[in-house]
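Before any comments, here is the structure.
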């Protein structure tokens with residue numbers, strides 16, 4: 001409840017800022033810049049004698065400057081569709097304030113996360129940091145556009161379980177703390193983009209330590225549309241239920257240029 | 001046409017372009033100097049969007065303009081975009 005109020009207050013506070021020069025972007029997820037750069041995907045899965053199944057991975061964010069060295073982001077995301085079991089679907093909302101603190105970027109996030117049936121809902125306040133760029137380590141910079149660049153994030157979060165059914169009550173206790181690390185990798189060639197995002201959590205309760213890997217390869221076909229191959233494996237909040245998935249589908253991205 | 005930066009120094013658009021290209025080259029080790037022009041995109045240089053924030057400090061020190069960080073991330077896709085932003089922040093001389 002406390003975190004929910006914090007989310008509402010953050011959104012109310014953000015509204016006047018987002019009225020100035022906002023940028024709207026649509027992508028795969030808002031968990032990282034590279035994930036946001038990948039297209040949102042909608043996949044139809046057809047099998048003989050079975051109903052048509054779908055997967056949807058999409059995020060929309062609105063961003064605006066705050067002062068000269070910071071910015072504010074409002075976002076919503078869904079990893080859903082009937083091909084995913086209810087406990088493996090994820091719905092989220094985000095209010096993020098970030099600021100350059102040379103030589104790093106520091107981000108303060110308020111996240112809402114829920115499963116498909118809204119049986120488990122959590123609010124998390126987290127602080128995370130990444131270096132702006134270290135060319136010698138390829139952090140943020142792929143020399144001359146050739147090869148791979150990557151970006152690490154380290155963070156800590158405090159959250160509340162806003163709602164949980166009896167079977168999911170012990171995943172994380174109310175008033176939980178999570179430590180997490182994320183590495184995002186990117187590779188571009190001839191318009192095609194490949195990204196990989198690996199996240200690890202050290203959480204309380206039965207969630208314990210968990211890892212989640214997500215990758216996508218997109219080839220643009222024009223007007224913001226792409227052919228996308230994507231995959232995911234591992235356990236992620238809010239339920240930390242394991243699973244693996246591979247798919248090929250149509251994607252769409254809006255870069256707000 | 002000339003414009004003034006925040007410290008009163010006057011610039012032509014060609015001088016701003018040359019200085020912006022010099023800054024971008026210094027932040028792009030391993031890239032041939034001839035490869036960077038106003039048309040060069042940061043994606044082609046291999047910069048991710050957070051890496052573009054490394055532009056803030058040298059632009060402030062050498063062109064005496066404070067770039068808005070979120071605009072640099074979202075709107076500045078090429079060296080020419082950066083030149084246009086710096087030029088727009090300067091005042092008519």
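Bear in mind that the values in this text are calculations on the coordinates, not laboratory data. Since we're looking at a predicted model, the values are computed, not measured. Positions of Cβ are generated from backbone atoms using ideal geometry, with glycine treated the same way; all protein chains shown enter the neighbour counts.
Listing for the model above:
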| read-out | value |
| --- | --- |
| Long-range tail of P(r) for chain B (Cα pairs > 23 Å, %) | 17 |
| Nearest-ten-degree value, helix B:79-89 long axis tilted from longest Cα axis of chain B | 20 |
| For the protein assembly as shown, projected area of the alpha-carbon convex hull averaged over all directions, nm² | 18.8 |
| Helix axis angle, B:13-26 relative to chain B longest principal axis, alpha carbon, degrees | 40 |
| Value at 222 nm in deg cm²/dmol, rounded to 500, when DSSP H runs of n ≥ 4 in chain A each add -39,500 (n - 2.57) | -2500 deg cm²/dmol |
| FRET efficiency, residue A:202 to residue A:62 (Cβ-Cβ, R0 25 Å, nearest 0.05) | 0.20 |
| Mean-position separation - Cα centroids, the range B:49-67 and the range A:185-216, in angstrom | 30 |
| Overall dimensions of the range A:38-180 by Cα: Rg and Dmax, Å | 18.6, 58 |
| Ranked packing of A:220-228, A:64-72, most packed first, by mean Cβ within 10 Å | A:64-72, A:220-228 |
| Efficiency of FRET from Cβ geometry, residue A:54 and residue A:104, R₀ 45 Å, rounded to 0.05 | 0.70 |
| Modelled label reach - residue B:1, point 7 Å along Cα→Cβ, the range B:70-88 residues with backbone N closer than 14 Å | B:84-88 |
